[in-house]
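Engineer: One structure, pasted below without further comment.
The values are calculated or read from the model by the stated rules, or taken from the named source; none is laboratory data. Computed from a predicted model, the values in this text were never measured in an experiment. Positions of Cβ are generated from backbone atoms using ideal geometry, with glycine treated the same way; all protein chains shown enter the neighbour counts.
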Amino acid sequence: MNARVRAPELVGRQGWLNTGGRALTLTELRGKFVILDFWTFCCINCLHVLDELRPIEQEFADCLVTIGVHSPKFVHEADHAALVAAVERYEVHHPVLDDPDLTTWQSYAVRAWPTLVVIDPEGYVVGQFSGEGHGHAIHALLTQLVAEHESKGTLHRGEGPYVPPTPAQTELRFPSKAVRLEDGSFLVADAKNHRLALMDATGQQLLRSIGEGLRGLVDGVASVARFSEPNGIALLPNDIAAQCGYDVVVADTVNHCLRGVHLESGDVRTVAGTGVQWMQGDALPDDGDAVTPLSSPWDVVWSPKHAKVIVAMAGIHQLWSFDPVNSRVSVFAGTTNEGLVDGELDKAWFAQTSGLAVDDEGTIWMADSETSSLRHVRNGVVTTDVGRGLFDFGLVDGDAADALLQHPLGVAVLPDASIAIADTYNGAVRRFDPTTKLVSTLATGLAEPSGIAVVPDEQRGAVLLVVESAAHQLTFIALPEQATRVDARAYRTQRPATDVRVGAGTVRVPFEPPPGQKLDDRYGPSTHLVVSSTPPELLESGSGAGESLVRGVVFANPTATGVTQGVLHVAARAASCDDPDAPGAAEFPACHVHQQDWGVPVRLVTDGSGATEVVLPLAGL
């Protein structure tokens, strides 16, 4: 971005959070650097960026203001109360603009979640970064520009506009998943409290805590161990637990680790992961040592058929497996591409899988949250049962081909072998019958149900335990013989489609290395680009992988294919290293990988009015 572009003012329909109720303007923030973080709280990559920004916000606290511009994908995310809850849940410690109509998103021509825009103290845009992994680049940019503006006298240091909200006190705080133990009590992943909570059989009384209750990665006894937003919990069979020395595997999501917990003693140990996030360019494990980076494991389940723990690796859209006896991990399914593609395990695409369950036949059931889908793995093949893709969602019962969910986070196998779904953003529990292929609704009016478990009941045979995350409680619901019907509601994301002209076109991903760095091609090509589409007929040619960040494509004519719109999938990666010839270069250069996946809704036009080039900046200064 070589031309000086004045940053557009910030506009949102529903106002501001973390400012004490006061609206902010870029004009009043002149003299400080501003980072605009375009995010939506369903997006795992956006959550990664929140963590990347924390140390930068701390280091530059007196001259930098970060503003989260919440640009929702799902209807539920446009609910102001849901955003208020998410800001607390994910410990967002900077002002947030609620922009449910995507007004500011469009004024900055944003194309992807997350996108970061850096504005200098004079109000000009000086950098734009799509995706995650740009923390080092932003740090380098700020380090350079702080000195420049301080010497010019345009930098004004001092406190920022952040006003922390009054914290609420409840026994559980944004619990995520729960499992029933043999004695009838429940072990709950108490995510916001960064601990495991042992609750009594009523789900109301806290018996004891495992974890100190502070964010961190610390092994040891229950009173000192630390977690960071734990989610999934898997009970190991007794014989496996005896061999490996712990009873439970926990998906410690923000620590990018699996933790092993001995229930009687409360001792916690790290059994897989290093505390560092796996990034594109890192080696994938091939039945490898468990001391390897993971990426936001969200749920875990024991699979007797495979004699391993299956891990929903939400951060990179894969399933992994973990062998607790031999401390080995391996990729179980998925390519790391985000989308809804069925088929053999190594060819399937997932989208932030967040819930897992295993039935008596060994079938693995999955809640694939970003495609609002229910899917399963059987005999080495991935199949979608409910769901259409990244941008279609809703609350529709009936035949599975027509039914819709909205960002589900949990699944459970019911006594009749049907599947219960924690339909999180619909505030509902849904049921899928694999025999009739029908979807029905068991309960509505729930507050972001994120986990479910079947609980034996003397009178009714079984009931469902629902983890109502946004209500901070465990709730029991009955299992009626006939599910309740609800009014159907179907949606597509508000994100506008891009009109593209039928025929020859170009996909271009601009990338400029951060200050003091250069492209790193010592170990092969420094850039990588993958282009595909849903449906595949959208592109006549241009799909596939290559080294150049510029790709010629041909958008197919709808008269030949019948396809008038779809999603253009673009995945880009660039490697950069410290330039040894740059002033003040370090003795040992650091290398970094920049990456982003885009899913761009496009509409094909034949009248010559559409764009011939789709530009998706990875990083530009």
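Engineer: Which residue, of Thr363, Thr335, Thr371, is closer than 30 Å to Asp239 by Cβ and either without any contact (Cβ under 8 Å) to a residue 24 or more places away in the chain or buried (at least 21 other Cβ atoms within 10 Å of the Cβ) (or both)? Steps first, please.
Structural biologist: Values: Thr335 fails: closer than 30 Å to Asp239 by Cβ; Thr371 fails: closer than 30 Å to Asp239 by Cβ.
Testing whether each residue is closer than 30 Å to Asp239 by Cβ and either without any contact (Cβ under 8 Å) to a residue 24 or more places away in the chain or buried (at least 21 other Cβ atoms within 10 Å of the Cβ) (or both) leaves just Thr363.
Engineer: Within the bounds of the stretch 93-110, is there any residue that is in contact with a helix residue (DSSP H, G or I) (Cβ under 9 Å, 6 or more places away or on another chain), modelled with pLDDT under 95 and under 24 Å from Ala140 (Cβ atoms)?
Structural biologist: yes
Engineer: Something else now. Do you know which residues across the stretch 503-516 are surrounded by 14 or more Cβ atoms within 10 Å (Cβ to Cβ) and more than 27 Å from the chain's Cα centre (by Cα)? I'd like the intermediate steps shown before the answer.
Structural biologist: Step one: of the stretch 503-516, the residues surrounded by 14 or more Cβ atoms within 10 Å (Cβ to Cβ) are 503, 505-516.
Once the filter is applied, which keeps residues that are surrounded by 14 or more Cβ atoms within 10 Å (Cβ to Cβ) and more than 27 Å from the chain's Cα centre (by Cα), the stretch 503-516 yields Gly503, Gly505, Thr506, Pro515, Gly516.
Engineer: Please indicate, with yes or no, whether at least one residue in the stretch 50-60 is touching an Asp or Glu at 6+ places or on another chain (Cβ under 9 Å) and in a loop (DSSP other than H, G, I, E, B).
Structural biologist: No, because not a single residue in the stretch 50-60 is touching an Asp or Glu at 6+ places or on another chain (Cβ under 9 Å) and in a loop (DSSP other than H, G, I, E, B).
Engineer: For Leu390, indicate whether it is modelled with pLDDT under 95 and either buried (at least 21 other Cβ atoms within 10 Å of the Cβ) or among the aromatic types (Phe, Trp, Tyr) (or both).
Structural biologist: Values: modelled with pLDDT under 95: yes; either buried (at least 21 other Cβ atoms within 10 Å of the Cβ) or among the aromatic types (Phe, Trp, Tyr) (or both): yes.
So Leu390 fits the description; yes.
Yes/no matrix, rows are residues, columns are (1) among the aromatic types (Phe, Trp, Tyr); (2) touching a Gly at 6+ places or on another chain (Cβ under 9 Å); (3) surrounded by 19 or more Cβ atoms within 10 Å (Cβ to Cβ); (4) under 30 Å from Ile477 (Cβ atoms):
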{"residue": "Leu196", "(1), (2), (3), (4)": "no, yes, yes, yes"}
{"residue": "Asp200", "(1), (2), (3), (4)": "no, yes, no, yes"}
{"residue": "Gly203", "(1), (2), (3), (4)": "no, no, yes, yes"}
{"residue": "Arg215", "(1), (2), (3), (4)": "no, no, no, no"}
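Engineer: Considering each residue of the stretch 270-300, count those that are in contact with a Gly (Cβ under 9 Å, 6 or more places away or on another chain) and either assigned to a loop (DSSP other than H, G, I, E, B) or free of Cβ contacts under 8 Å to residues at least 12 places away in the same chain (or both), and give that number.
Structural biologist: 8
Engineer: Return the total of residues in the stretch 174-216 being in a loop (DSSP other than H, G, I, E, B), of a type in the set (D, E, K, R) and over 21 Å from the mean Cα position of the chain (by Cα). Before the answer, list the steps.
Structural biologist: Looking only at the stretch 174-216, we keep the residues that are in a loop (DSSP other than H, G, I, E, B), and these are 174, 181-185, 191-194, 200-205, 211-214, 216.
Restricting the remaining residues to those that are of a type in the set (D, E, K, R) gives 182-183, 192, 200, 212.
Subset that is over 21 Å from the mean Cα position of the chain (by Cα): 182-183, 200, 212.
Here the count works out to 4.
Engineer: Can you tell me which residue in the stretch 468-497 is modelled with the lowest pLDDT, limited to those that are part of a strand (DSSP E or B) and over 30 Å from Ala571 (Cα atoms)?
Structural biologist: Step one: of the stretch 468-497, the residues part of a strand (DSSP E or B) are 468, 473-477, 484, 489-492.
After this cut, where a residue has to be over 30 Å from Ala571 (Cα atoms) as well, the list is 468, 473-477, 484, 489.
Numbers: Glu468: 98, Gln473: 97, Leu474: 98, Thr475: 97, Phe476: 96, Ile477: 94, Thr484: 54, Arg489: 81.
The extreme case among them is Thr484.
Engineer: Hey, can you tell me all the residues within the stretch 153-184 that are of a type in the set (Lys, Arg) and either over 30 Å from Phe60 (Cβ atoms) or modelled with pLDDT under 95 (or both)? Please lay out each step first, then the result.
Structural biologist: Taking the stretch 153-184 first, the residues of a type in the set (Lys, Arg) are 157, 173, 177, 180.
The answer is Lys177, Arg180.
Per-residue answers, yes or no, for (1) in contact with a Cys (Cβ under 9 Å, 6 or more places away or on another chain); (2) modelled with pLDDT under 95; (3) of a type outside the set (Phe, Trp, Tyr):
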{"position": "His194", "(1), (2), (3)": "no, no, yes"}
{"position": "Ala197", "(1), (2), (3)": "no, no, yes"}
{"position": "Gly220", "(1), (2), (3)": "no, no, yes"}
{"position": "Ile240", "(1), (2), (3)": "no, no, yes"}
{"position": "Asp247", "(1), (2), (3)": "no, no, yes"}
{"position": "Asn255", "(1), (2), (3)": "no, no, yes"}
{"position": "Leu258", "(1), (2), (3)": "no, no, yes"}
{"position": "Gly275", "(1), (2), (3)": "yes, no, yes"}
{"position": "Leu284", "(1), (2), (3)": "no, yes, yes"}
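Engineer: Looking at (1) closer than 30 Å to Gln277 by Cβ; (2) of a type outside the set (Val, Ile, Thr); (3) exposed (fewer than 15 other Cβ atoms within 10 Å of the Cβ), which is the only condition Lys152 fails?
Structural biologist: With (1) closer than 30 Å to Gln277 by Cβ; (2) of a type outside the set (Val, Ile, Thr); (3) exposed (fewer than 15 other Cβ atoms within 10 Å of the Cβ) applied to Lys152, the lone miss is (1).
This table checks each residue for (1) of a type in the set (D, E, K, R); (2) under 19 Å from Leu64 (Cα atoms).
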| residue | (1), (2) |
| --- | --- |
| Leu141 | no, yes |
| Gly211 | no, no |
| Arg215 | yes, no |
| Val218 | no, no |
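Engineer: Tell me the strands (runs of 3 or more DSSP E) entirely within the stretch 541-621 that contain at least 3 residues that are modelled with pLDDT under 90. Full working, then the answer.
Structural biologist: Details: elements: 544-546, 550-555, 565-578, 591-605, 613-615.
Counting at least 3 such residues, we get 565-578, 591-605.
Engineer: Among the residues of the stretch 219-229, is there at least one that is closer than 18 Å to Leu356 by Cα and of a type outside the set (D, E, K, R)?
Structural biologist: no
Engineer: Scan Val500, Val530, Val454, Val463 and give me the residue that is assigned to a strand (DSSP E or B), more than 24 Å from the chain's Cα centre (by Cα), of a type in the set (A, V, I, L, M) and within 30 Å of Gly562 (Cα to Cα).
Structural biologist: Working: Val530 fails: more than 24 Å from the chain's Cα centre (by Cα); Val454 fails: within 30 Å of Gly562 (Cα to Cα); Val463 fails: within 30 Å of Gly562 (Cα to Cα).
Selected residue: Val500, the only one of Val500, Val530, Val454, Val463 that is assigned to a strand (DSSP E or B), more than 24 Å from the chain's Cα centre (by Cα), of a type in the set (A, V, I, L, M) and within 30 Å of Gly562 (Cα to Cα).
Engineer: Considering only residues that are under 26 Å from Thr154 (Cβ atoms), among the charged types (D, E, K, R) and buried (at least 16 other Cβ atoms within 10 Å of the Cβ), which ones fall in the stretch 20-53? Explain how you work it out, then say what you get.
Structural biologist: Step one: list which residues in the stretch 20-53 are under 26 Å from Thr154 (Cβ atoms), which gives 22-38, 53.
Retained after the next criterion (residues that are among the charged types (D, E, K, R)): 22, 28, 30, 32, 37.
Within the stretch 20-53, Lys32, Asp37 qualify.
Engineer: Name the pairs: first residue in the stretch 127-145 and assigned to a helix (DSSP H, G or I), second residue of a type in the set (Asp, Glu), Cβ to Cβ under 8 Å, at least 6 apart or on different chains?
Structural biologist: What qualifies is Gly135/Glu52; His139/Glu59; Leu145/Asp120.
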